[in-house]
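Here's the structure, in structure tokens; my notes come after.
The values are calculated or read from the model by the stated rules, or taken from the named source; none is laboratory data. Please read these numbers as outputs of a predicted model, since none were measured by experiment. Ideal geometry is used to build each Cβ from the backbone, glycine not excepted, and the neighbour counts take in all protein chains shown.
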Amino acid sequence: MNRETELGVQAWMDGELPPTEAASVATLATSDPQAAALLAELKHTRAALAGNELERAVPASREFYWSRIQRELERLENQPAAPRRPVWLSWWMRFLAPAAIVAVLALVLFTPTFAPSSAHRTVHPAEIESPLDDVSVLTFRSEAERMTVVWVNFQ
Amino acid sequence: MTTVPSRKALRGLATKGWLPACVFLACCCAAGLAGAAQAQAGELNLNAVLIWGTDEAKPKEGSYKELDAKVKKKLCRIFRWKNYFVIKEEKISLAPKIAKRLKLSSKCELELKYADDDTVEIKLFGEGRWTKTFKQRIDALKNGELAVLAGDDKDKYDDAWFVVLSVSLP
Amino acid sequence: MSKKLDYPSSSDQELVQNAQKGDMLAFEELVARHRDKVYARAFSMVRNEDEAVDLSQEAWVKGWQRLKQFHGQASFLTWMTRIVINLCLDHLRKQKRGRTESIELMDEEIGGVERQMPVVTVNPTEGLERAELRQRIDRALNQLSYAHRTVLVLHEFEQLEYKEVANRMGCSIGTVMSRLFYARRKMAVLLAGLRDEQKP
């Protein structure tokens, strides 16, 4: 059997052959031992696979899995829609943009000098949310050990 | 051999060509500078260690490592347990604004997010339930401070679990 | 006064209708209900847990964004599965193919390797418990190249016709037929081999 014939047998089994070709392949599949053996193997494989895909569960809790989706949806919803550029903006872009860009460059170059130093900011963790009623939380900071502790108490 | 452009050609360039060229060059410079600034912000590399606090001796079975001596000293000064064993240690790299999950055990998962330049947001999931969210200052972590989540071990009376977060050293 | 929806006992159709009006809780219920199947489809294609989680979550986000385009032409799960399949296909295309992939695809194009595989005459399902068969199929699928596994997943598990598989994979129907043939023959050999391993 050549390759074309083998693929024909497969296509016939899958119901993908046009009627004009299907009849001749059907005859071959029943009369030729090689074709018949190949067909049997293909059928066995197809039957083995049918409905026998291994089931899998998401390796994360419902809340965990959903939290990321939710965050992304909220981020997308909070994104402002890009407005159409008005005519005056085109004019501005053409004539004033170079000057504006130079000004922006200057700001970028010199801003770090004027930015408040972060070295002296107070360091305190901020509690945000505790969604469970049966969980209480105690937060404290040890200056000496330079450590912030969040103690979670399941009641 | 360089050719000197004529005055007419220069005028043509001025009106037709130089503005876009100037804008383009300026944008490249701005982008380069912004990129450099962004590269400085970059990724946040954290270390997360799940620790078992107990008064018992190290069990023979299981692969429990001793906790780093410096960290153990800190915990000993605050908490009452004699021994602290590492159950799992993981390194995680956080890109800005992207949350990543970290499974430390079947009962303990974290979701970490480099929320902005100042803070990392930490969500604790205990036994599959979202338990707590809190923020930690990044500058504090970068200064060597530790963020510790802890609680009683529900399975073993009188023991405790700890998750210690710190900035990974290069 | 509108009746508050009891999400867990609502049908998919009711949940979708509510979600299309912006009810995110209804959408969350749909996610909880179908997340395993959507994840499983992603995993079957990319064979990596983390990537499958990421891709399935991305699919849910896209599902929300396109929800108004869903008119019940197929089941909601089928519609979501199509979304995750497309994402997985895009993801796989971007990944660099390993040497094994290239060799396998080359073999398939030459049409040599499967000719050397003798026709398997035993029925691979005979005498097997369903759970055991599923495990073996999964192990065998893992040994296929991404292209062969993908065509098998799309045709055998998603029941797509050759033409639909070709459209999604961005190849010709002839390529689909070749890959499917190779994949099936290889699966037969692998399943028979796994079966032989179990013999005392």
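Given the residues A:Leu54, A:Leu73, which is the only one that is away from chain B (no Cβ under 12 Å), within 30 Å of A:Val150 (Cβ to Cβ) and at pLDDT 85 or above? Reasoning before the result, please.
Working: A:Leu54 fails: within 30 Å of A:Val150 (Cβ to Cβ).
None of the other options fit; the residue is A:Leu73.
Checking the structure you have, find out if any residue of region A:47-57 is farther than 30 Å from C:Val189 by Cα and among the hydrophobic types (A, V, I, L, M, F, W, C).
No, because not a single residue in region A:47-57 is farther than 30 Å from C:Val189 by Cα and among the hydrophobic types (A, V, I, L, M, F, W, C).
Could you please let me know if B:Phe162 is farther than 24 Å from A:Ile69 by Cα, of a type in the set (Phe, Trp, Tyr) and out of contact with any Ser or Thr (no Cβ under 9 Å at 6 or more places or on another chain)?
Yes; evaluated as a whole, the condition is true for this residue.
Given the residues B:Lys107, B:Lys58, B:Lys142, B:Lys74, which is the only one that is within 11 Å of another protein chain (Cβ to nearest Cβ) and modelled with pLDDT under 85?
B:Lys107
Read through the list (1) facing chain A (nearest Cβ under 10 Å); (2) under 23 Å from C:Glu49 (Cβ atoms), then give the number of the only condition that B:Val164 fails.
The failed condition is (2).
Take the conditions more than 8 Å from every other protein chain (Cβ to nearest Cβ), within 22 Å of B:Lys142 (Cα to Cα) and without any contact (Cβ under 8 Å) to a residue 60 or more places away in the chain and apply them to B:Ala95. Does it pass?
Considered against the rule, which asks whether it is more than 8 Å from every other protein chain (Cβ to nearest Cβ), within 22 Å of B:Lys142 (Cα to Cα) and without any contact (Cβ under 8 Å) to a residue 60 or more places away in the chain, B:Ala95 comes out as yes.
Condition check: part of a helix (DSSP H, G or I), more than 22 Å from C:Asn167 (Cα to Cα) and of a type in the set (Val, Ile, Thr). Does C:Val38 satisfy that?
In short, no.
Return the residue satisfying two criteria in turn: it lies in region C:25-52 and is within 9 Å of chain A (Cβ to nearest Cβ) and among the small types (Gly, Ala, Ser), and of such residues it is nearest to C:Ser10 (Cα to Cα).
Going through the qualifying residues, I end up with C:Ala32.
Just to check your reading of the model, which residue among A:Ala48, A:Ala11, A:Ala35 is touching a Pro at 6+ places or on another chain (Cβ under 7 Å), within 27 Å of C:Arg149 (Cβ to Cβ) and among the small types (Gly, Ala, Ser)?
A:Ala48
For region C:52-78, give me the residue count where each residue is in a helix (DSSP H, G or I), touching a residue at least 60 places away in the same chain (Cβ under 8 Å) and surrounded by fewer than 18 Cβ atoms within 10 Å (Cβ to Cβ).
Step one: of region C:52-78, the residues in a helix (DSSP H, G or I) are C:52-65, C:67-69, C:76-78.
Keeping just the survivors that are touching a residue at least 60 places away in the same chain (Cβ under 8 Å) gives C:76-77.
Still in the list and also surrounded by fewer than 18 Cβ atoms within 10 Å (Cβ to Cβ): C:77.
Count: 1.
Would you confirm whether or not region B:82-97 contains a residue that is surrounded by 14 or more Cβ atoms within 10 Å (Cβ to Cβ) and under 25 Å from A:Glu143 (Cβ atoms)?
yes
Tell me which residues, restricted to region B:81-129, are under 20 Å from A:Val149 (Cβ atoms) and aromatic (Phe, Trp, Tyr).
Across region B:81-129, the qualifying residues are B:Trp81, B:Tyr84, B:Phe85, B:Phe125.
Pull up region C:140-188, narrow it to residues that are part of a helix (DSSP H, G or I) and among the acidic types (Asp, Glu), then point me to the one that is surrounded by the most Cβ atoms within 10 Å (Cβ to Cβ).
My answer is C:Glu156.
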